[in-house]
Amino acid sequence: MRRLFLSLSLLTAALLAGFLACNTNDPEAARPPAKFGLDFSNVVGTQPLQLGTVAYKNASGESFTPTNFNYFVSNIRLIRTDGSAYVVPQDSSYFLIRQTDPATQKITLNNVPEGSYKAVSFVLGVDSLRSTADISKRTGALDPAVDHTGANGMYWSWNSGYIFMKLEGTSPSAPRDATGRGNFRYHIGYFGGRDTKTINNLKTITVSFGADVAQVDPFRQPAVQIQADVLTIFDGTTPISIKAYPEVMISPFSATVAKNYAGMFSYKGLKTAVTD
Amino acid sequence: MKQLQLIGFLLSAALFGVVASCQSGGSEVVTPAPVPGKPDMKPPVVYQTTPYPWKKPTNFPDPVYNFANNPLTLEGVALGRTLFYDDMLSVNGTVSCAFCHQQPAAFAHPDHALSHGVNDKIGTRNNLGLQNLAFYKNFFWDGGVADLDLLPIAPIENPVEMAHSMPNLLNAVRQSAKYRPLFQSAFGSDSVTTARFLKSLSQFMLTMVSANSRYDKHARKEAGGQLTSDELAGLNLFQQKCSSCHAGELFTDQSFRNNGLSRVLNQDVGRYGITLRTEDKFKFKVPSLRNVARTPPYMHDGRFWTLNDVLNHYTTMQEVPELDPVLRQNGKPGVLLTDPEKQQIIAFLNTLTDTAYIADRQFSAPN
């Protein structure tokens, strides 16, 4: 009887301790996790990008109508005003931006530490580690089992490589196909090679918020507005003419295209959603 | 006394409840993955796999494939085998992997110089026999794919091979009554993911080990390993003239080289198409010569129909700029061999045929 009493009181004490442990954790758990948005808008010079309907002009004076535009954004880091960075966890840091799907153009980062941020950096493409990772680590946007012939095909099965940037369209400056249409296609990949060193077209891009500071807390959700200008692909560091390069995929010239598109992003402002 | 016991029990139950709710608060509930070999706790699924006893032949190097990421099970291998032999992997249900990779030809495509796929479409390269894939660093004539798990996507999506689309194929497999129990028993649930589909094909292909030719028995000093004097002379010549490239027990050093094939009719750039390095132009993977007597025609474009033609090529080749230095000794392209020596090398190459492999029921069509 005595012993039973003792064990009962011990149990009660343990029970109480359990409640207390729970309680001390509670205030933390009550504060909702903070979020951060990256909104991409694709443009051609001063006009919004429209697929298949509008003819734009590049600096070589060539008229072109984009029909498809996709790119991978990965390895995102948010840079604090003190220069330190929040690195988004690897497994939630791969996004495929597709012009045909507006939902993909708005990235939401969850569980972002509260603080003040002045810039964002990301890799345009899929880094070499993930490009050679086990198939079980390639889910979502990285799943190689997508229709390769369709607009979303961003994977070369015969060399196991991701396409980082895909721009396709029509142009009177491109050679005519059987239907009389002139097609141009830029599929840019190459992460630097597995055993053998190859071209490395991975580009790290930093978008600074200028004088703006993105304040992140559970009640303010900033979304940085990033613009990608398709024109830069033709008119960047090295001007590229569609007539001279109607198709760029597996060629050393892909490095020139990549150098150009590395400059296509610019900061357009911050939008902050306030809740309480 | 009984009552007190009851109170004690109730209290401990309450305590357990508190601790449990405390743990799940805020974070996700994590369902543990089923442990292979242990029955899943969730009824009604009882899931039990049996490890496949994969063994490295004693005369072989260590495998390259990372088995830790894909432990072989009898159930996984059985699923992969069924997929390998299934026509539904092609867009119109006419071509399976095994259509082009036939067991009697050591899983090459006999009598086809170039790949032959759906709707009689012809590819640009000769087929490769399949064996000892666990030991290769890369695949295809140009080494374009370096991970066996990713390989099947290439033939499945190639418009001149199976011409399918992976999402459509995976959906068809999901819908198939035949595959649901096979995925269930291999992976513990019938969900068909890219990774499961590909890894089961790998599992089957990894079991395809060919190491029981007469040459192997000779190398391991086993019964049945006698070589004739011609075969032994051929082995000796082979080691002098051929084995710097067709090296070791795999009969390939897995490098990319040019062996002096004329380019008059074929401008395939080979390895360059993958690496874009000038020095890789017109180089191809040194193929394994295991079961080579079973896999005519030969070379990446199937230009030679007999081993005689191959040996004649090695002795009569003309200069090409990319020719491997090993084949340009004494300042002249080619290998010095008399006709009887060529016949001895061919006699030796014939000892690399593994008749047990070619007849092994575990690699043939299921049922």
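The values are calculated or read from the model by the stated rules, or taken from the named source; none is laboratory data. All values reported here derive from a predicted model rather than from experimental measurement. Cβ coordinates were reconstructed from backbone atoms using ideal geometry, including for glycine residues, and neighbour counts include every protein chain displayed. In case anyone asks, the SASA skips ligands and DNA or RNA and just uses the protein heavy atoms, side chains included. Shrake-Rupley method; radii C 1.70, N 1.55, O 1.52, S 1.80 Å.
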- Scan region B:153-178 and report the pairs whose first residue is at the interface with another protein chain (Cβ under 8 Å from one of its Cβ atoms) and in a loop (DSSP other than H, G, I, E, B) and whose second residue is buried (at least 23 other Cβ atoms within 10 Å of the Cβ) and β-branched (Val, Ile, Thr), with Cβ atoms within less than 9 Å and a gap of 6+ or a chain change. B:Ser165/B:Ile156
- Task: With the condition kept exactly as written, say whether any residue in region A:123-132 is assigned by TED's automatic domain parsing to the domain that holds A:Gln215, among the basic types (Lys, Arg) and closer than 30 Å to B:Gly270 by Cβ.
- Result: yes
- Before we move on, is A:Tyr267 open to solvent by 40 Å² or more (accessible area, probe 1.4 Å), aromatic (Phe, Trp, Tyr), within 22 Å of A:Phe72 (Cα to Cα) and at pLDDT 95 or above? yes
- With the checklist (1) out of contact with any helix residue (DSSP H, G or I) (no Cβ under 9 Å at 6 or more places or on another chain); (2) in contact (Cβ under 8 Å) with a residue 60 or more places away in the chain; (3) within 14 Å of another protein chain (Cβ to nearest Cβ) in hand, flag the one item B:Asn132 doesn't pass. (3)
- Task: List the helices (runs of 4 or more DSSP H) that sit entirely inside region B:210-299 and contain at least 1 residues that are within 14 Å of chain A (Cβ to nearest Cβ).
- Result: B:272-275
- Message: I'm told A:Asn152 meets every condition in (1) open to solvent by less than 50 Å² (accessible area, probe 1.4 Å); (2) modelled with pLDDT under 95; (3) within 11 Å of chain B (Cβ to nearest Cβ) except one. Can you identify the failing condition by its number?
- Response: (1)
- Note on the structure: Taking region A:118-149 and keeping only residues that are open to solvent by 30 Å² or more (accessible area, probe 1.4 Å), farther than 29 Å from B:Ala68 by Cα and not in a loop (DSSP other than H, G, I, E, B), one is left with A:Lys118
- Does B:Asp142 satisfy the criteria of being facing chain A (nearest Cβ under 10 Å), in a helix (DSSP H, G or I) and open to solvent by less than 20 Å² (accessible area, probe 1.4 Å)? no
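Which one of these is surrounded by fewer than 22 Cβ atoms within 10 Å (Cβ to Cβ), modelled with pLDDT of 95 or more and in contact with a Phe, Trp or Tyr (Cβ under 8 Å, 6 or more places away or on another chain): B:Leu148, B:Leu133? Spell out how you get there, then give the answer.
Details: B:Leu148 fails: surrounded by fewer than 22 Cβ atoms within 10 Å (Cβ to Cβ).
None of the others qualify; the one that does is B:Leu133.
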- Are any residues in region A:219-265 among the small types (Gly, Ala, Ser) and in contact (Cβ under 8 Å) with a residue 12 or more places away in the chain, and if so, which ones? A:Ala223, A:Ala228, A:Gly236, A:Ser241, A:Ser254, A:Ala255, A:Ala258, A:Ala262, A:Gly263
- Note on the structure: Looking across region B:323-367 at residues that are of a type in the set (Asp, Glu) and surrounded by 13 or more Cβ atoms within 10 Å (Cβ to Cβ), the single one that is nearest to B:Leu261 (Cα to Cα) is B:Asp324
- Item | Residue satisfying all of: in region B:84-94; of a type outside the set (Phe, Trp, Tyr) and surrounded by fewer than 22 Cβ atoms within 10 Å (Cβ to Cβ); nearest to B:Pro366 (Cα to Cα) among these | B:Asp86
- Item | Criterion: buried (at least 16 other Cβ atoms within 10 Å of the Cβ) and free of Cβ contacts under 8 Å to residues at least 40 places away in the same chain - qualifying residue of B:Asp268, B:Asp216, B:Asp280, B:Asp253 | B:Asp280
